[in-house]
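In what follows, a structure is listed as structure tokens, so that the remarks can point back to it.
The values are calculated or read from the model by the stated rules, or taken from the named source; none is laboratory data. Keep in mind the model is a prediction, meaning the values are calculated, not measured. So basically every Cβ, Gly included, is an ideal-geometry build from the backbone, and we count neighbours across all protein chains shown. Just the protein is used for accessible areas: all its heavy atoms, side chains included, with ligands, DNA and RNA removed. Shrake-Rupley method; radii C 1.70, N 1.55, O 1.52, S 1.80 Å.
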Amino acid sequence: MMIRNISIVILSMLFFACAAENEKKEKTQNTSEIIQNPEAIDTAYFAGGCFWCVEASFEQIKGVKEAVSGYSGGEKKNPTYKEVSYGKTNHAESVMVLYDPNIITYEKLLDIFFVAHDPTQLNRQGPDVGKQYRSAIFYRNSKEKNIALKKMNELAPKFEDKIVTELTPFTKFWKAEDYHQDFEKKNPNNRYIVNVSRPKIEKVAKTFKDILK
């Protein structure tokens, strides 16, 4: 009986030793993965009229890994472009900016955002009219909110009219249909792109020429 108990104790010790070793390996592997993947990608969410313009404006900036067109600020799940563009939901055409904070800061993204559109136009941007084209910053935490508030106060004197950009807590981002992604690149001769988007994109490129890709 004693021998059997000793065997059980030994087996238990081996089991826990093995488990501890596996846990150690997992921690080591996770650490190695982090070291091998030094990119620190963060996200920011903005709305400034047609998402084609905003997306392309950010895409040309160093540190921005990708800009994705979509919808934010509404409650309806899986909204479609038709629903949003006709004002049937409370969503705004928005852009999710994936960026490396080691290369570009959230504050600099705000600088770009306020050049890429007119923040003094209420519920519209040029020919696009409706709340779906409103100017908005969807902040994820108090830090982003405070940075955005500070930036808006700094820029206010530079505009003749009042900045009407909404500061809204981020809740959900719905990616837009595939044909909207990289629309400016895929459709450079589109009349809207030529007449509306291109001037905005070029304005951003001229203002931030030192940080273009």
For region 182-212, give me each residue that is more than 30 Å from Ser142 (Cα to Cα) and in a loop (DSSP other than H, G, I, E, B). Asp182, Asn187, Pro188, Asn189, Asn190
Across region 65-92, which residue is surrounded by the most Cβ atoms within 10 Å (Cβ to Cβ) among those that are free of Cβ contacts under 8 Å to residues at least 60 places away in the same chain and within 29 Å of Phe208 (Cα to Cα)? Ala92
Can you tell me which residue is least open to solvent (accessible area, probe 1.4 Å) among those in region 150-177 that are among the aliphatic types (A, V, I, L, M) and out of contact with any Lys or Arg (no Cβ under 7 Å at 6 or more places or on another chain)? Ala176
Would you mention how many residues in region 129-162 are over 22 Å from the mean Cα position of the chain (by Cα) and either among the polar types (S, T, N, Q) or under 25 Å from Trp174 (Cα atoms) (or both)? 3
Could you tell me which numbered condition Pro127 fails, if it satisfies all but one of (1) at pLDDT 95 or above; (2) open to solvent by 40 Å² or more (accessible area, probe 1.4 Å)? (1)
Which of (1) within 13 Å of the chain's Cα centre (by Cα); (2) surrounded by 15 or more Cβ atoms within 10 Å (Cβ to Cβ); (3) not in a helix (DSSP H, G or I) does Leu109 not meet, given it meets every other one? (3)
(1) in contact (Cβ under 8 Å) with a residue 24 or more places away in the chain; (2) open to solvent by 60 Å² or more (accessible area, probe 1.4 Å); (3) aromatic (Phe, Trp, Tyr): which one isn't true of Tyr99, the others all being true? (2)
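Let's see how each residue does on (1) at pLDDT 95 or above; (2) charged (D, E, K, R):
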| position | (1), (2) |
| --- | --- |
| Ala17 | no, no |
| Glu21 | no, yes |
| Phe46 | yes, no |
| Ala56 | yes, no |
| Lys62 | yes, yes |
| Val68 | yes, no |
| Tyr81 | yes, no |
| Lys88 | no, yes |
